[in-house]
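Following: one structure in structure tokens, then a few remarks.
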Amino acid sequence: MEKQEYTFSNKKVRYYFDSPLEHLNQLVDPDRCILIVDDKVDRLYKDRLKGWKKIIVEGSEKSKQLSCFQEVVDKLIDLEADRKTILIGIGGGVVTDLTGFVASVYMRGIDYAFVPTTLLAQVDASVGGKNGINYSRYKNILGIIRQPEFLLFDYDLLDTLDAADLHNGFAEIIKYTCIWDKDLLTYLEDNQEKALARDKKVLAYLVKRSVEIKSKIVQEDEFEGGLRRLLNFGHTIGHAVEKIENIAHGKAVAKGMLIAAQLSSKLSGLQEKEVQRLNSLIQNYHLPVTIQAEVAEIEALFKMDKKREKDFIHFILLKELGKAEVVPISLVELSELLTSFIKK
Ligand SMILES: NC(=O)c1ccc[n+]([C@@H]2O[C@H](COP(=O)([O-])OP(=O)(O)OC[C@H]3O[C@@H](n4cnc5c(N)ncnc54)[C@H](O)[C@@H]3O)[C@@H](O)[C@H]2O)c1
């Protein structure tokens, strides 16, 4: 087990890397805790979660609807949760988002922590304090930025992930390589077979490095005034495609990153050979690149994009692999460019 601490604007967050789930007992008083657990994780790891008060939620996007939020609040009231209760979300990004959001508004905010159990949640969703739920057609439109008490990373939990869910996690790691760390991109290329075979050493390195990159960016700009925007690389198109094509977050981000790279080659000087390098990396990690959604459907969702200001969207583009910039693009220009990239 390795402990690290990151200080954000008003909170110190403890990270426990390579730490077994059972370590939770030493971090919190079980009598004061309520676990919010993904249903599949609960089925798989019931024996390791004995004796805790639990609320079980479905590990799917449905659990980020207002109705599920309400059900969880009702259960917290039934369990007599009070201001001293700690909520611990154990699951993928759906459970961490829901738990962080509930904890932040229940009784005006109670403490919470996460045990992320998917690769995507370990490298991204659990880190940085952004937690949100969906409303109507819009992803994460209700949300908050508020840091957890701690994160516990148990890599063994990744053994039971479906292959597709493992691949989804690689999308966010590829994102970090694009915006921040070209060496990590080379590492992903060199260790592809081991990573896909869930080699523990390789996964441990990828999780720690990703968490480190995201935490440093969030420390610089917790409330997304500038630098943190870079973490949205691939997500503007990605979120729209996720909703329209009803596909997993990681797959949608993979498609969004390739479009963003193509835009970058037109507008930010990214070389065509680097676009092709990224294209190969995405596909070698079993992620898709072809968009099925219509340009008009994507544009309709841009209207509610959190990165939109009047008629412009702040797009994250790449000057080169490992170096990103924020570029405002008018909706009209974007529409023309997208039409040329998304071939029917
Ligand atoms: N808050 C953020 O900063 C942030 C960042 C990225 C993504 N997200 C959100 O995260 C969500 C996607 O997260 P996700 O990809 O983890 O999806 P998810 O939470 O839906 O989990 C994917 C699947 O894996 C299963 N699962 C979870 N842990 C498992 C395990 N150890 N073994 C076997 N199966 C397991 C779940 O039951 C589910 O079927 C999206 O809603 C996205 O918006 C949030």
Screening 247, 217, 213 for residues that are open to solvent by 30 Å² or more (accessible area, probe 1.4 Å), at pLDDT 95 or above and under 15 Å from the mean Cα position of the chain (by Cα) leaves only 247
Given (1) in contact (Cβ under 8 Å) with a residue 40 or more places away in the chain; (2) more than 9 Å from the ligand (Cβ to nearest atom), residue 112 misses just (1)
What number of residues within segment 48-94 are within 14 Å of the ligand (Cβ to nearest atom) and under 22 Å from the mean Cα position of the chain (by Cα)? 18
Name the residues in segment 206-227 that are touching a helix residue (DSSP H, G or I) at 6+ places or on another chain (Cβ under 9 Å), assigned to a helix (DSSP H, G or I) and in contact (Cβ under 8 Å) with a residue 24 or more places away in the chain, would you? 206, 207, 209, 210, 211, 213, 214, 217, 218
Search segment 5-47 for residues being open to solvent by 60 Å² or more (accessible area, probe 1.4 Å) and among the hydroxyl-bearing types (Ser, Thr, Tyr), and hand back the single one that is farthest from the ligand (Cβ to nearest atom). 7
Go through 203, 158 for me and flag whichever is within 9 Å of the ligand (Cβ to nearest atom), touching a residue at least 12 places away in the same chain (Cβ under 8 Å) and of a type outside the set (Ser, Thr, Tyr). 158
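The values are calculated or read from the model by the stated rules, or taken from the named source; none is laboratory data. Everything quoted here is computed from the prediction, not taken from an experiment. All Cβ positions, even for glycine, are placed from backbone atoms using ideal geometry, and neighbour counts span all protein chains on display. Heavy atoms of the whole protein, side chains included, go into the accessibility calculation; ligands, DNA and RNA do not. Shrake-Rupley method; radii C 1.70, N 1.55, O 1.52, S 1.80 Å.
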